[in-house]
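Asks: Have a look at the structure that comes next, please.
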Amino acid sequence: MDRKQKKRPFNGYYRASVATEDAELTHTGPGTPAGEYFRRYWQPVAMTEQVGELPLAIEILGEELVLFRDLAGQLGLLHKYCSHRRASLEYGIISEKGIRCCYHGWLYDTDGTILEVPGEPENSPIPKKICHGAYPVEEYKGLVFAWMGPPDEMPDFPLFDTLNQLNNDMVPYSIDYPCNWLQVAENPMDPFHSVFLHTRVTRAHFNPAWGAMPVVDWHRMDGDSGIYLTNTRRWKDFIWVRTAEVYLPAIAQPPDIYQNPETEKFFPRVGITKWTVPVNDTSCRIIAWRHFNETLDQDGKGDRSNVGLGKVDFVGQTGTERSYEEGQRSPGDYEAQVSQGKITVHADEMLGRTDIGVATYRQLLRSAIRAVADGAPQQSPALNADGVIPTMAGDVIVAVPEADDDVALQREAGRAIGQIVRDTLLLSWEQRPIEIEKRVRLWVAERD
């Protein structure tokens, strides 16, 4: 199309798109490049509370599966369709050991081993010929995780420092989104949407301070394992530096969603730890924990009772909490992300400077997907003094007098405090906030 036609008013005819989605990033089924990449990471597949007396049919990464707990208490995650005649194991009978197909009684152990083939000759070779499709699972603090990659490449289950806090209540939740995983997963690397979607355009979903225009820098993590940002605002007498992160492929940790920046704070940690899990190419699921502890939400706006299956305690996150009209009048994250279409078309976007984080995240993903396709091994993450994976997300709020060029001051503060947070990564959970406060106060004193 001629550039002049693209710029003219009433140019709908010329702008009608024939572009298609970026399949390399958005398609995650078996055998796809992104699908192979996702399968090199543990993925949450359900909340523990969903696994009851009956099998649970689920879809993850385009695979139809059945999750169950046998009568001995062992969790199993099997391919949905029986290896015999393809009846669905969602109608299977849970047994003392494994699950039995309702159609002809074949019995499968949680690892896919065929234990019985009733109706076949006593010495049938079938159990030795095949093993039903199955995946290893781990249950952790109310969530069920699965390893869906090559068995010989299975790493240890990853533990982040934010998952081992003392006196921290982690409440699981799960929310479905009828759209591609990427347009949900990249949202945390777009802090400017908080200024407009959550504050100026609609109303203050969280705190009016979110409407202050931030100074933002994005940074690649060591080994390109993810991306983090420093999001710095002036609020009254304070400078508020917020670090948020996304670990590849799609693990995000936003800090306290109800943060009130009117008192000094030195690195209270995350309000959410969440995975964006592809269900298939046109739907995804956030499976996550909300964190509750005495360092977070000091105004008491959170509500544990409103966190769980299909719900979370802040507005605009589901398609069921409000009517369509209410969503139109005060849209939230759900409306902004789902309304992009089943799979948003990147070729039709016009990215700006505020989208550097989104663009960088996509670049990291593309490189990582291609590295797996080329046979590159996965890197083991560094561990901190507590023996867990250290993370970056948290808030630092410190009293700093306003400067003549306060935007320059905010940028200086964001970079200095972000570096302090990064330099203290390997300290223990107990030592780190103490050291961060010490170094931040020294930076403030040296400016005076």
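Asks: Which of (1) touching a helix residue (DSSP H, G or I) at 6+ places or on another chain (Cβ under 9 Å); (2) closer than 22 Å to Leu229 by Cα does Asp395 not meet, given it meets every other one?
Replies: Of the numbered conditions (1) touching a helix residue (DSSP H, G or I) at 6+ places or on another chain (Cβ under 9 Å); (2) closer than 22 Å to Leu229 by Cα, the odd one out for Asp395 is (1).
Asks: Of the conditions (1) at pLDDT 95 or above; (2) in a strand (DSSP E or B), Val184 fails just one. Which one is it?
Replies: All conditions are met except number (2).
Asks: Given the conditions (1) small (Gly, Ala, Ser); (2) touching a residue at least 12 places away in the same chain (Cβ under 8 Å); (3) out of contact with any Ser or Thr (no Cβ under 7 Å at 6 or more places or on another chain); (4) over 18 Å from Arg220 (Cβ atoms), and given that Gly394 satisfies all but one, which numbered condition is not satisfied?
Replies: The single condition Gly394 does not satisfy is (3).
Asks: From the set of residues in the range 386-415 that are of a type in the set (Gly, Ala, Ser) and part of a loop (DSSP other than H, G, I, E, B), which is surrounded by the most Cβ atoms within 10 Å (Cβ to Cβ)?
Replies: Taking the range 386-415 and keeping what is of a type in the set (Gly, Ala, Ser), we get 387, 393-394, 399, 403, 408, 413-414.
Imposing the further condition that a residue be part of a loop (DSSP other than H, G, I, E, B) reduces the set to 387, 393, 403.
Numbers: Gly387: 10, Ala393: 26, Ala403: 13.
This residue is Ala393.
Asks: Just checking, does the range 7-23 include any residue being acidic (Asp, Glu) and over 22 Å from Val372 (Cα atoms)?
Replies: Restricting attention to the range 7-23, the residues satisfying the condition of being acidic (Asp, Glu) are 21-22.
In the following step, the residues that additionally are over 22 Å from Val372 (Cα atoms) were identified as none.
Within the range 7-23 (the criterion being acidic (Asp, Glu) and over 22 Å from Val372 (Cα atoms)), the answer is no, since none of the residues qualifies.
Asks: Do we have any residue at all in the range 316-331 that's crowded, with 16+ Cβ neighbours inside 10 Å, farther than 24 Å from Phe192 by Cβ and touching a Ser or Thr at 6+ places or on another chain (Cβ under 6 Å)?
Replies: No, the conditions are met nowhere in the range 316-331.
Asks: Looking at Val66, is it at pLDDT below 95 and more than 23 Å from Glu186 (Cα to Cα)?
Replies: For Val66, the condition - at pLDDT below 95 and more than 23 Å from Glu186 (Cα to Cα) - is not met.
Asks: Could you list, ordered by first residue, the pairs with Cβ atoms under 6 Å in which the first is in the range 326-345 and closer than 23 Å to Thr26 by Cβ and the second is part of a helix (DSSP H, G or I) and at pLDDT below 95, at least 6 apart or interchain?
Replies: Glu335/Gly327; Ala336/Leu197
Asks: Could you say which residue among Leu383, Leu365 is under 21 Å from the mean Cα position of the chain (by Cα), among the aliphatic types (A, V, I, L, M), outside any helix (DSSP H, G or I) and assigned by TED's automatic domain parsing to the domain that holds Ser225? Steps first, please.
Replies: Values: Leu365 fails: outside any helix (DSSP H, G or I).
Sole residue among the options that is under 21 Å from the mean Cα position of the chain (by Cα), among the aliphatic types (A, V, I, L, M), outside any helix (DSSP H, G or I) and assigned by TED's automatic domain parsing to the domain that holds Ser225: Leu383.
Asks: Just checking, which of Tyr324, Tyr334 is within 23 Å of Ile251 (Cβ to Cβ) and of a type in the set (Phe, Trp, Tyr)?
Replies: Details: Tyr324 fails: within 23 Å of Ile251 (Cβ to Cβ).
The unique qualifying residue is Tyr334.
Asks: Which one is farthest from Gly394 (Cα to Cα), of the residues in the range 263-283 that are of a type in the set (D, E, K, R) and in contact (Cβ under 8 Å) with a residue 40 or more places away in the chain? Walk me through how you get there before you give the answer.
Replies: Of all residues in the range 263-283, those of a type in the set (D, E, K, R) come to 264-265, 269, 274, 281.
Imposing the further condition that a residue be in contact (Cβ under 8 Å) with a residue 40 or more places away in the chain reduces the set to 264-265, 269, 281.
Values: Glu264: 13, Lys265: 10, Arg269: 4, Asp281: 32 Å.
That would be Asp281.
Asks: Could you grab me the full set of residues in the range 368-380 that are within 20 Å of Met221 (Cα to Cα) and either within 23 Å of the chain's Cα centre (by Cα) or in a helix (DSSP H, G or I) (or both)? Before you say what the answer is, go through the steps one by one.
Replies: Residues of the range 368-380 within 20 Å of Met221 (Cα to Cα): 368-372, 376-380.
Scanning the range 368-380 gives Ala368, Ile369, Arg370, Ala371, Val372, Pro377, Gln378, Gln379, Ser380.
Asks: How many of the residues in the range 121-158 are closer than 25 Å to Gly310 by Cα and among the hydrophobic types (A, V, I, L, M, F, W, C)?
Replies: Within the range 121-158, residues that are closer than 25 Å to Gly310 by Cα and among the hydrophobic types (A, V, I, L, M, F, W, C) number 7.
Residue-by-condition table, conditions (1) farther than 30 Å from Ile389 by Cα; (2) surrounded by 13 or more Cβ atoms within 10 Å (Cβ to Cβ); (3) touching a residue at least 60 places away in the same chain (Cβ under 8 Å):
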residue: Pro125; (1), (2), (3): yes, no, no
residue: Gly142; (1), (2), (3): no, yes, yes
residue: Met148; (1), (2), (3): no, yes, yes
residue: Glu153; (1), (2), (3): no, no, yes
residue: Phe160; (1), (2), (3): no, yes, yes
residue: Leu163; (1), (2), (3): no, yes, yes
residue: Pro172; (1), (2), (3): no, yes, yes
residue: Ile175; (1), (2), (3): no, yes, yes
residue: Val195; (1), (2), (3): yes, yes, no
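Asks: Moving on. Applying the selection to the range 238-289, what residues are among the basic types (Lys, Arg) and under 19 Å from Asn306 (Cα atoms)? Steps first, answer last, please.
Replies: Within the range 238-289, the first condition is being among the basic types (Lys, Arg), and the residues that meet it are 242, 265, 269, 274, 285.
Selection gives Lys274, Arg285.
Asks: If you don't mind, another one. For the range 7-53, give me each residue that is assigned to a loop (DSSP other than H, G, I, E, B), surrounded by 12 or more Cβ atoms within 10 Å (Cβ to Cβ) and of a type in the set (Asp, Glu).
Replies: Once the filter is applied, which keeps residues that are assigned to a loop (DSSP other than H, G, I, E, B), surrounded by 12 or more Cβ atoms within 10 Å (Cβ to Cβ) and of a type in the set (Asp, Glu), the range 7-53 yields Glu21, Asp22.
The values are calculated or read from the model by the stated rules, or taken from the named source; none is laboratory data. All of these numbers come straight from a predicted model, not from anything done at the bench. Please note: Cβ atoms are built from the backbone with ideal geometry, for glycine as well, and neighbour counts cover all protein chains shown.
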